[in-house]
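Bear in mind these aren't lab numbers, they're just calculated from the coordinates by the rules spelled out. Source: prediction; values computed, not measured. Heads up, the Cβs are rebuilt from the backbone with ideal geometry, glycines too, and the neighbour counts pull from every protein chain shown.
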Amino acid sequence: MKISWFRRQQYVQVKLDQRGEQGALWVKCAGCGDLVFRERVREKHGVCPRCGAYFFLTAQERISLLVDEDSFVDVSRPIVAADPLGFTDCRPYLERLKEAQDRTGLPNETVVGRARMGNTPVVLAVTDFRFIGGSMGSVMGEQLSCAMDIAAQELSPFVLVSSTGGARMQEGIFSLMQMVKTAAARRDLERACVPFVSVMTYPTTGGVFASIASLGDVAIAEKGALIGFAGRRVIEQTTGERLPSDFQTEAFAFDHGIVDRVVERTKLREELIRVLSFFPVGRSP
Amino acid sequence: MTIEDLIAELQNKLAELRKFARENGRDVSAEIAELEEKVARISWGPRAWEQVKLARHPSRPTTLDYLDLLMDDFYELHGDRLYGDDKAIVGGLAKFEGRTVAVVGHQKGRNPAENHACRYGMAGPAGYRKAARIMGLGDRFGLPIITFIDTPGAYPGIEAEERNIGGAIADSIYNMLRLRTPVVVAVIGEGGSGGALAIGVGDRVLMLENAYYSVISPEGCAAILWGDRGRAPEAAAALRLTAPDLLDLGVIDEVVQEPAGGAHTAPKAAARNLREALLRHLDELRAVVPGELVNQRRRRFRGMGICEGAVETMRLRNGE
């Protein structure tokens, strides 16, 4: 992940090992500090039953939050990250990938599928932050592009829910080029006159924010989201400026005209159903 | 131990191994190949870093220098028509070999006062919106477009974020995918991340020999992955950001030779080579029907990326 993210009150981070332990009955909420019943958090779609703070959602949890029950059909392509540069920092990239796969049980960070929302067919793409910061390399670029192809061909609205730190540095220039690749696929959606709703959650930053996530017909920020291009530290170090307390929050994005609406997690599904109902789909331009 | 010491040590080992093989008649070619590869890998570090330093050399020719040297006339246009005029991006109409072209490039400045005014080529939203405006002008009048990339990255500042720098970069990329006229991109110095790519969506992408182009600065990469900005030389090597690397990876089309010692030692010679390459590519592109150019450009970038298990869809360049 390129852009560092930071913990905020509203959106709490659950330690990954806690998530991983299927047996653990209780999790600690970093918002209120209370131990809360794990199953209860899951039922509430990752919202703390005590204080309302948001836990990270896995891609799977995000999908079940949004789609009509049992309507999701995974159409992700069977691809995994390659290591085109033979990249090694303190650890080889392939080792990091393997670890992320073992830890999350996912082959890669992107899940795409056909689904229904309020009975409207959609193509939904979700990124999973647990997998190397949900960062965009060649795999995400390809998955999102193929998802947009399907949406354009089938005239189904495209919904992207981002949770990503930005570009995947370990894939070097190829990860940078995914910004153009996804934008190119987005052109086909435009040609087919298919609506694209971009949902930005915590965090939507760096190269994904500066490409596909910013190219929606409608931009919705989940409450508690972190939205921006450059990381806080980089800005502070480069400019010496003191950052406002609401910097790059969903409220900041809304106030500066970067998103259309800010929506609470529990209302996100009905919000998407409603906004999609306004769009004629597949009219020739 | 420095990298140079390490290389020397490995070279010694190699020599011993070869001697051993000769004297004992044993086949140690596998071991030798392994060592040679290691030496090559390690010695690439300092070389990549040297190139990054050359790309950032304070007297390296800037976009305006090349415009002076390449164009018969340059009529600069200012402002994004929305908010301001970002001096980190220059652009306008120019006459190149008797034809009008639209030009856009990052401008770093040629002295400390200019560097400051141009923020070393770190453009903000107004810069990218000005760039889009000028490229739009080229599109409307059927003019070929030439862009010059030379930036450490987009400007990281509060105001840039307030005015949606991320959206401005995304829009600029998207805009370039629609241009119906030929677009040739030249990376002349630093190709820093999204701020470079925003004006880098071309039918042809050329790079000067000592330029670099990367998803993140070597320092930024080193800080995040190594936890130490001082490891930037290693990050520079790992990122494969030099012009020959990127040609190997199929991301750029041509490396434009610089005079020995770098473009700053003989700017006219560097400009001559660049002129020849630009002309050649523009001529080739002139033969393509305008609508087809957009399709080719889209396919070119659509095909970029390498994954496992999906070779057939990868690296589709120009619809091959």
(message) Could you identify which residue out of B:Cys118, B:Cys221, B:Cys307 has the top mean-square fluctuation in a GNM of chain B using Cα springs shorter than 10 Å?
(response) B:Cys307
(message) Over the Cα atoms of the stretch A:131-285, each weighted equally, I'd like the Debye log10 I(q)/I(0) at q = 0.11, 0.12, 0.16, 0.21 Å⁻¹, rounded to two decimals.
(response) -0.44, -0.52, -0.90, -1.35
(request) Sum -39500 (n - 2.57) across every DSSP H segment of at least 4 residues in the protein assembly as shown, then divide by the residue count to get the 222 nm mean residue ellipticity, nearest 500. (result) -12500 deg cm²/dmol
(request) Counting other Cβ atoms within 10 Å, keep those with at most 16, restrict to DSSP loop, and tell me which GluC sites (Glu not before Pro) in the stretch B:1-97 are left. (result) B:Glu97
(request) Quick one: plug the Kirkwood hydrodynamic radius of chain A (C-alpha pairs) into Stokes-Einstein at 25 °C, 0.890 mPa s, and report D in µm²/s. (result) 128 µm²/s
(request) Quick one: P(r) of chain B from all Cα-Cα pairs, 10 Å bins, percents rounded to integers, in order of increasing distance. (result) 6, 24, 32, 21, 10, 5, 2, 0
(request) Enter the mean number of other protein chain beta carbons within 10 Å of the beta carbon of each residue in A:263-270, as an integer. (result) 0
(request) Once you've got the Cα coordinates, tell me which of B:Lys38/B:Lys108; A:Lys98/B:Lys130; B:Lys53/B:Lys268; A:Lys98/B:Lys53; A:Lys98/B:Lys108 are over 32 Å apart. (result) B:Lys38/B:Lys108; A:Lys98/B:Lys130; A:Lys98/B:Lys53; A:Lys98/B:Lys108
(message) Using only the alpha-carbon atoms, how far is helix B:125-140 inclined from the longest principal axis of chain B? Give it as 0 to 90 degrees, nearest 10.
(response) 70 degrees
(request) Give the Rg/Rh ratio for the protein assembly as shown, taking Rg as the radius of gyration of the Cα atoms and Rh as the Kirkwood radius, to two decimals. (result) 0.99
(message) From Cα pairs below 8 angstrom and at least 6 apart in sequence, can you work out the relative contact order of chain A, rounded to a whole percent?
(response) 16 percent
(request) Restricting to chain A, compute how many DSSP beta bridges are antiparallel as a %, nearest 5. (result) 40 percent
(message) Let's test this: bin the Cα-Cα distances of the stretch A:32-82 at 10 Å from zero up to the farthest pair and state each bin's percent.
(response) 21, 39, 24, 15, 1
(message) Taking each residue in A:182-188, count the Cβ atoms of any other chain within 10 Å of its Cβ, then average. What number comes out?
(response) 6
(message) Using a 10 Å cut-off around each Cβ of peptide A:155-168, what is the average number of partner chain Cβ atoms that fall inside?
(response) 1
(request) Please work out, to two decimal places, the log10 of the ratio I(q)/I(0) at q = 0.23, 0.24, 0.31 Å⁻¹ from a Debye calculation in which every Cα of the stretch B:3-55 carries one identical scatterer. (result) -0.83, -0.87, -1.12
(message) Quick check of the Kirkwood formula: for the stretch B:171-248, what is the inverse mean of 1/r over all pairs of different Cα atoms, in Å?
(response) 13.4 Å
(request) Output the relative contact order of chain B, whole-number percent, from Cα pairs under 8 angstrom with separation of 6+ residues. (result) 15 percent
(request) Could you give the spread of the C-alpha atoms of the stretch B:165-311 along their three principal axes, from largest to smallest, in whole angstroms? (result) 50, 42, 34
